[in-house]
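The values are calculated or read from the model by the stated rules, or taken from the named source; none is laboratory data. Everything quoted here is computed from the prediction, not taken from an experiment. Backbone-built Cβ (ideal geometry, glycine too); neighbour counts: all protein chains shown.
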């Protein structure tokens, strides 16, 4: 079946590529924000004299359209405009910011529907203050923190417990966030180095259907992009319960002639003691700078630098029995010496060249320097009744990456063909990656220690044919991996391993009219296994694949209502299961998931909005007997939503909820991870020069469990181990105030 699918997609790509482009007059240009000069992505551009001829802008704000001097341009949060342009290069269309309106979300046949349009709405309605809130803007994505705020969040998406990123690919400005073969878990995605206020857009896709997304894109991907330019500088101070405070500064360095060059810097500092009895002493510092230069009329350079460091203490997970018998408080701890420190420093350079025929060539190079040091105790005194089971996981890493992409758009007859070709390389070199036994952060013995070298080279071809109401997007991707591990605890070394995988994709979209659109998605994706697992298994189970299909419909039955419904199925060659006694993840068997995703956005009036996302999933292990085939911690029903009031000046605010249903914590569902329903609220008063805000989390002070695991553990002086639910208590009612100055 998979080979037949691969052959069909390959044939479609060859057929699409065989079309001969016809010479046609075209109009090229760029759409930007009139104030900040920030390029705008996914803007609708239509030939005013021939409305059937339309397109959307790319991530650089650029567009190319079959000839048209009169253009109708519209985008969410901006005033629509009809523009007269000349048939020449360098046409820059500046849109004036306006109130957010769902009528500007249009269904078009000329571009695949991207979450980025809706994320623009959500970002405008609900400004975020941390990376946790950024991730929560993605429909169906839930997160849980269980290490005092300093560790990457546990991610849940489409019936997956993705651990910290095993089955969801995360990136920012094209630079990967995930860490392959990480000391704590495969695909570890610590996005805390992102300053939320620098985020301009969030692109998101569920399933393995996207040609330009590679390793770890099985459940989906999340791609953040930062502002190229900012409209104003800001200094902000926040303070809240649990001795929490945050400071932010974002300064525009070059306020003139931003189309030629621009630059800004941003920094934020966070501190909190947290709600636990043992103070977290959580400290995090982020620095970020970005510079853009138009080297010539057709060539643009973007460079960014960032630095992140974090240090914290943690109370760890709480066993239910210890709270029930009064041994500890719900916010107490068995081992208060958990916690750690981490840092990451990034350099990212992108060079983009636009050619006269409308094609573009983008070259990107990035480098990351990363350090990680974590202390945990999942099982207490299970393995060592004297010293306890505290472990240390640590590593230092260098990441080098390069990607080259060539894009072009050709016109023939009454259709257009968008082509993308890419190739790249990622190299991870981890030094002294280790798992050690410790006592109160003092070293006892090594369990694992070694150096990891992992290479991922890739190439892809994507062809997107737009013909009338049809859009056919076909792609194929080749990924090659080389895994090497030098074990410092043994003389005899295992040989390195290598493998390649081909991933075909096919997406078909049919737009009935501006109110109704159908789509079908099919594709193959994969997640690589940890290098240590690959080498130890002599190259077996290196790149387990995922096969998925979506059938969906998008509707706009009214100009102020947006609905998206998708039924989907996904098969995975191999699961990863969390193992509490070792504090690592291990591969297991095959699985399948099927579900329905519903997304809704409604605008009551000019300033009042509502949204809701509902996600149903049935996850099951394939090779297990019925009743013991549950996938631990995989969500079965989640929902988020809210009501928001948004005005350009004066009062703004909203109330939002998030819900996750009870779900199995182990294979036979004898231990249940408890669901919860939480509500948050915020209100801001905004003026041209300042903003005052008040925000509440968990406004009804619900007792809830954030991270939860079925773990076998033993407390001091217990004769026998016990397997039960262990959890991190969720934050009680939490209030914070903020004051911001704009200049």
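Can you pull out the residues in region 410-451 that are within 32 Å of the chain's Cα centre (by Cα) and under 30 Å from residue 356 (Cβ atoms)? 410, 416, 417, 418, 419, 420, 421, 422, 423, 424, 425 - these are the residues of region 410-451 that are within 32 Å of the chain's Cα centre (by Cα) and under 30 Å from residue 356 (Cβ atoms).
Whether a residue is surrounded by fewer than 24 Cβ atoms within 10 Å (Cβ to Cβ), free of Cβ contacts under 8 Å to residues at least 60 places away in the same chain and outside any helix (DSSP H, G or I) was assessed, and residue 143 passes this test.
On the basis of being at pLDDT below 95, part of a strand (DSSP E or B) and under 18 Å from residue 186 (Cα atoms), does residue 499 make the cut? The answer is no for residue 499. Within region 73-87, the set of residues being over 13 Å from residue 29 (Cα atoms) and either surrounded by fewer than 17 Cβ atoms within 10 Å (Cβ to Cβ) or touching a strand residue (DSSP E or B) at 6+ places or on another chain (Cβ under 9 Å) (or both) comprises 74, 75, 77, 78, 79, 80, 81, 82. Within region 45-67, the presence of a residue that is in contact with a helix residue (DSSP H, G or I) (Cβ under 9 Å, 6 or more places away or on another chain), modelled with pLDDT of 60 or more, assigned to a loop (DSSP other than H, G, I, E, B) and on the phi > 0 side of the Ramachandran plot is excluded. Among the residues examined, residue 542 qualifies as buried (at least 16 other Cβ atoms within 10 Å of the Cβ), part of a loop (DSSP other than H, G, I, E, B) and in contact with a helix residue (DSSP H, G or I) (Cβ under 6 Å, 6 or more places away or on another chain).
Residue-by-condition table, conditions (1) in a strand (DSSP E or B); (2) under 23 Å from the mean Cα position of the chain (by Cα); (3) free of Cβ contacts under 8 Å to residues at least 24 places away in the same chain; (4) closer than 29 Å to residue 596 by Cβ:
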residue: 472; (1), (2), (3), (4): yes, no, no, yes
residue: 480; (1), (2), (3), (4): yes, no, no, no
residue: 484; (1), (2), (3), (4): yes, no, no, no
residue: 492; (1), (2), (3), (4): no, no, yes, no
residue: 532; (1), (2), (3), (4): no, no, no, no
residue: 547; (1), (2), (3), (4): yes, yes, no, yes
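Regarding region 383-398, can at least one residue be identified that is under 25 Å from residue 457 (Cβ atoms), at pLDDT 95 or above and surrounded by fewer than 21 Cβ atoms within 10 Å (Cβ to Cβ)? Yes, the conditions are met somewhere in region 383-398.
A quick yes/no check of all residues on (1) under 27 Å from the mean Cα position of the chain (by Cα); (2) touching a residue at least 60 places away in the same chain (Cβ under 8 Å); (3) surrounded by fewer than 20 Cβ atoms within 10 Å (Cβ to Cβ); (4) within 17 Å of residue 143 (Cα to Cα):
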residue: 603; (1), (2), (3), (4): yes, yes, no, no
residue: 608; (1), (2), (3), (4): no, no, yes, no
residue: 611; (1), (2), (3), (4): yes, yes, no, no
residue: 616; (1), (2), (3), (4): yes, no, yes, yes
residue: 650; (1), (2), (3), (4): no, no, yes, no
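Within region 367-378, the presence of at least one residue that is out of contact with any helix residue (DSSP H, G or I) (no Cβ under 9 Å at 6 or more places or on another chain) and over 29 Å from residue 429 (Cβ atoms) is confirmed. Checking the structure you have, find out if any residue of region 407-415 is touching a residue at least 12 places away in the same chain (Cβ under 8 Å), in a loop (DSSP other than H, G, I, E, B) and more than 30 Å from residue 381 (Cβ to Cβ). So far as region 407-415 goes, yes, one or more of its residues are touching a residue at least 12 places away in the same chain (Cβ under 8 Å), in a loop (DSSP other than H, G, I, E, B) and more than 30 Å from residue 381 (Cβ to Cβ). Where strands (runs of 3 or more DSSP E) fall entirely within region 285-378, none has at least 3 residues that are more than 27 Å from the chain's Cα centre (by Cα) and at pLDDT 95 or above.
Number of residues in region 140-184 that are in contact with a helix residue (DSSP H, G or I) (Cβ under 8 Å, 6 or more places away or on another chain) and modelled with pLDDT under 90: the value is 1. With a requirement of 1 or more residues that are closer than 23 Å to residue 545 by Cα, the strands (runs of 3 or more DSSP E) lying completely within region 563-665 that satisfy it span 576-579, 584-587, 591-603, 608-621. Among the residues of region 667-689, those that are surrounded by 15 or more Cβ atoms within 10 Å (Cβ to Cβ) and either more than 27 Å from the chain's Cα centre (by Cα) or under 13 Å from residue 649 (Cβ atoms) (or both) comprise 667, 669, 671, 684, 686. Residue count for region 659-668 under the criterion of being more than 12 Å from residue 705 (Cβ to Cβ) and free of Cβ contacts under 8 Å to residues at least 40 places away in the same chain: the result is 3.
Here the condition is being under 26 Å from residue 634 (Cβ atoms) and either touching a helix residue (DSSP H, G or I) at 6+ places or on another chain (Cβ under 6 Å) or in contact (Cβ under 8 Å) with a residue 24 or more places away in the chain (or both); of 514, 588, it holds for 588 alone. Between 232, 228, 256, which is in a loop (DSSP other than H, G, I, E, B), surrounded by fewer than 16 Cβ atoms within 10 Å (Cβ to Cβ) and under 27 Å from the mean Cα position of the chain (by Cα)? Every option except 232 fails the conditions.
Rundown of residues vs (1) in contact with a strand residue (DSSP E or B) (Cβ under 8 Å, 6 or more places away or on another chain); (2) surrounded by fewer than 17 Cβ atoms within 10 Å (Cβ to Cβ), yes/no style:
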| residue | (1), (2) |
| --- | --- |
| 296 | no, yes |
| 306 | yes, no |
| 325 | no, yes |
| 361 | yes, yes |
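If the condition is being assigned to a loop (DSSP other than H, G, I, E, B) and closer than 19 Å to residue 164 by Cβ, then region 183-207 contributes 183, 184, 185, 186, 187, 190, 191, 192, 193, 194. Identify all residues within region 700-721 that are under 29 Å from residue 142 (Cα atoms) and surrounded by 16 or more Cβ atoms within 10 Å (Cβ to Cβ); write none if there are none. Within region 700-721, 704, 705, 706, 707, 708, 709, 710, 711, 713 qualify. The set of residues from region 259-294 being in contact (Cβ under 8 Å) with a residue 60 or more places away in the chain, surrounded by fewer than 19 Cβ atoms within 10 Å (Cβ to Cβ) and touching a strand residue (DSSP E or B) at 6+ places or on another chain (Cβ under 6 Å) comprises just one member, 267. For residue 460, the conditions (1) modelled with pLDDT of 95 or more; (2) more than 30 Å from residue 511 (Cα to Cα) are fulfilled apart from (2).
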